[in-house]
Amino acid sequence: MANPHPIPVLYPQEPFHAKNALNSGMRGALAGGIAGICASAVQNSLAKSNIGAWGVFTRTGSTVATLTVVPAVYAFAKDATANLREKDDYLNTTVGAFLGGAMLGLRSGRMPQIIGFGAGISAIMTTLDFTGGSLRGPPQDPEIDEYARKEFMRKNRRRPMMETVAELGEGRGIEPPGYEERRRARLKEKYGVDINPVSATADE
């Protein structure tokens with residue numbers, strides 16, 4: 001028998017498609033290399049002595065190398081993890097961001113800094129990926145009606161009245177069906193007084 005009230009799928013899962021990890025790593029390296037050259041050029045322009053144009057690579061070349069390696073490792077590890085798990089979720093970002101962040105700590109040569117950079121970058125990137133890049137949460141399917149979605153979420157979280165009564169008891173604003181009759185019966189049993197409901201109409 002078909003379910004008369006099917007639960008709508010708010011965030012449908014799409015089938016996994018294999019990713020080209022090498023291609024992603026190369027794109028990440030290219031973008032990071034360009035950013036590294038710009039950052040290195042800014043560092044050299046602020047130097048007090050005249051170093052020359054090649055100082056971008058000879059004096060602050062480590063900046064170029066670091067900013068090239070970090071996004072390359074991140075993009076490659078993220079897609080490689082997705083291919084191994086055959087899932088495209090935020091855990092891939094966790095692994096990729098940890099390895100990419102660890103590259104920042106390699107310059108110090110100290111294990112605490114390597115792990116610290118990896119864990120810090122991983123926590124930030126995982127949070128952003130988990131929330132869909134926004135604090136409002138992951139993007140919703142545009143084909144789902146917003147009113148129907150909110151109505152489903154409201155009904156999905158609604159607790160039965162009898163369950164609330166069982167936990168909190170009657171009274172104090174909680175008045176399930178038959179509450180007045182049971183209240184009058186309890187008062188009569190305890191005090192021997194029969195309390196009749198008062199009509200608010202002028203005719204009675």
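The values are calculated or read from the model by the stated rules, or taken from the named source; none is laboratory data. Every value quoted in this text rests on a predicted model; they were computed, and no experiment measured them. When we count neighbours, we look across all protein chains shown, and the Cβ atoms used for this are built from the backbone with ideal geometry, even at glycine.
Inspect the range 45-68 for any residue being in contact with a Lys or Arg (Cβ under 9 Å, 6 or more places away or on another chain) and in contact (Cβ under 8 Å) with a residue 60 or more places away in the chain and give the result as yes or no.
no
Could you check, for the range 5-26, whether at least one of its residues is modelled with pLDDT under 90, more than 28 Å from the chain's Cα centre (by Cα) and crowded, with 16+ Cβ neighbours inside 10 Å?
Among the residues of the range 5-26, not one is modelled with pLDDT under 90, more than 28 Å from the chain's Cα centre (by Cα) and crowded, with 16+ Cβ neighbours inside 10 Å, which makes the answer no.
Determine if the range 80-95 includes at least one residue that is modelled with pLDDT of 85 or more, farther than 19 Å from M125 by Cβ and out of contact with any Lys or Arg (no Cβ under 9 Å at 6 or more places or on another chain).
Yes, that holds for at least one residue.
Might you check whether a residue that is outside the structural domain of V69 (by TED's automatic domain parsing) and modelled with pLDDT of 70 or more occurs anywhere in the range 153-165?
So the first thing to find is which residues in the range 153-165 are outside the structural domain of V69 (by TED's automatic domain parsing), and the list is 153-165.
So of that shortlist, the ones also modelled with pLDDT of 70 or more come out as 153-154.
Among the residues of the range 153-165, at least one is outside the structural domain of V69 (by TED's automatic domain parsing) and modelled with pLDDT of 70 or more, which makes the answer yes.
(1) within 26 Å of S122 (Cβ to Cβ); (2) part of a helix (DSSP H, G or I); (3) of a type outside the set (S, T, Y): which one isn't true of R107, the others all being true?
The failed condition is (2).
Taking the range 41-79 on its own, how many of its residues are at pLDDT below 85 and among the hydroxyl-bearing types (S, T, Y)?
Qualifying residue count for the region: 6.
Counting just the residues of the range 105-141 that are of a type in the set (S, T, N, Q) and modelled with pLDDT of 80 or more, which one comes out surrounded by the most Cβ atoms within 10 Å (Cβ to Cβ)?
Taking the range 105-141 first, the residues of a type in the set (S, T, N, Q) are 108, 113, 122, 126-127, 131, 134, 140.
Next, from what is left, pick out any that are modelled with pLDDT of 80 or more: 113, 122, 126-127.
On the way: Q113: 15, S122: 21, T126: 19, T127: 14.
Looking at residues that are of a type in the set (S, T, N, Q) and modelled with pLDDT of 80 or more, I get S122.
Can you tell me which residue among A31, A65, A35, A80 is within 22 Å of F16 (Cα to Cα), small (G, A, S) and surrounded by 14 or more Cβ atoms within 10 Å (Cβ to Cβ)? Even if it seems obvious, please write down each step before you answer.
Working: A31 fails: within 22 Å of F16 (Cα to Cα); A65 fails: within 22 Å of F16 (Cα to Cα); A35 fails: within 22 Å of F16 (Cα to Cα).
Testing whether each residue is within 22 Å of F16 (Cα to Cα), small (G, A, S) and surrounded by 14 or more Cβ atoms within 10 Å (Cβ to Cβ) leaves just A80.
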